[in-house]
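Structure record follows, encoded as structure tokens.
The values are calculated or read from the model by the stated rules, or taken from the named source; none is laboratory data. Note that the coordinates shown come from a computational prediction; the quantities given were computed from them, not determined experimentally. Ideal geometry is used to build each Cβ from the backbone, glycine not excepted, and the neighbour counts take in all protein chains shown.
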């Protein structure tokens, strides 16, 4: 009589032991692949540096449901213009149409891209149309691009880039801040939540910068349109504004410009005071030149 307990044979037990590690190994392999593939797909879908073929450009520009694809195509058009590729002009009509896009991010990218061809009168007119845009970043990019056309129409908007920006409550309610004074913010950063009778609304930063100060206490009631906090300008925007004013600044702009020439105003960003000095010197030179030209045209004016 066989006294051994019933169960798998030694051979079967060995096979099972060999098979057991394969499941977790296969699972770990899938996880490893996913950890590489998912970021790659995300990067591919959000990175604007990937070169698009002409058929892809046509497809992306026509896709109203995917603003990021339109942005990708616009960036590629800007790069082609920068390389002097005449074929980029085939998309100009579509680019100009997009100035009426309901998506802020598209109008913002567009305002930057159209500055790449400062000989296009169509782009020039479209940029002037973006100056009264409701979004500050669109207005700022349009103003900076217009400088490349030798057009100072956006000068006031450029000066605004050097000044603190007051954020207002979109409706009446109770404000609950999400950040502390001194925190840096980017465009779209959540600044606060507003509790209203209809629910909770988010207040996001319309411009990059630093939360300089809160104008009301946390969890206080506010009226619609009331200023709730102030953002100081971002270093990169300050620098771009000073560069633009080097070309279009006037004598009355000198106090704004010279404020950034003082030590410590721009923190540790050394290129800002340097640019402020250069811009102020150029504005003075240009002002004296214009005064001299005016005196030559009206010789009797100086004697009076």
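When residue 283 is tested against (1) within 28 Å of residue 151 (Cβ to Cβ); (2) outside any loop (DSSP other than H, G, I, E, B); (3) in contact (Cβ under 8 Å) with a residue 40 or more places away in the chain, only condition (3) is not met.
Residues that are more than 28 Å from the chain's Cα centre (by Cα), assigned to a loop (DSSP other than H, G, I, E, B) and surrounded by fewer than 19 Cβ atoms within 10 Å (Cβ to Cβ): does segment 223-243 have at least one? Yes. If the requirement is being assigned to a loop (DSSP other than H, G, I, E, B) and farther than 25 Å from residue 128 by Cα, which of these qualifies: 162, 179? Answer to the check: 179. Can you go through 115, 129, 78 and tell me which one is more than 15 Å from residue 154 (Cβ to Cβ) and part of a helix (DSSP H, G or I)? Answer to the check: 78.
I'd like to know if segment 265-279 contains one or more residues that are in a loop (DSSP other than H, G, I, E, B), modelled with pLDDT of 95 or more and closer than 27 Å to residue 143 by Cβ. Checked against the condition, which is being in a loop (DSSP other than H, G, I, E, B), modelled with pLDDT of 95 or more and closer than 27 Å to residue 143 by Cβ, segment 265-279 yields no hits at all.
When you go through 262, 250 one by one, which is the residue that is under 25 Å from residue 140 (Cα atoms), loosely packed, with under 15 Cβ neighbours inside 10 Å, touching a helix residue (DSSP H, G or I) at 6+ places or on another chain (Cβ under 8 Å) and at pLDDT below 95? None of the other options fit; the residue is 262.
Every residue, every condition in (1) touching a residue at least 12 places away in the same chain (Cβ under 8 Å); (2) farther than 30 Å from residue 280 by Cα, yes or no:
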{"site": "61", "(1), (2)": "yes, yes"}
{"site": "69", "(1), (2)": "no, yes"}
{"site": "92", "(1), (2)": "yes, yes"}
{"site": "104", "(1), (2)": "yes, yes"}
{"site": "111", "(1), (2)": "yes, no"}
{"site": "118", "(1), (2)": "yes, no"}
{"site": "142", "(1), (2)": "yes, no"}
{"site": "149", "(1), (2)": "yes, no"}
{"site": "153", "(1), (2)": "yes, no"}
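Scanning segment 159-188 for residues that are closer than 30 Å to residue 147 by Cβ and surrounded by fewer than 19 Cβ atoms within 10 Å (Cβ to Cβ) turns up 162, 163, 164, 166, 168, 184, 186, 187, 188.
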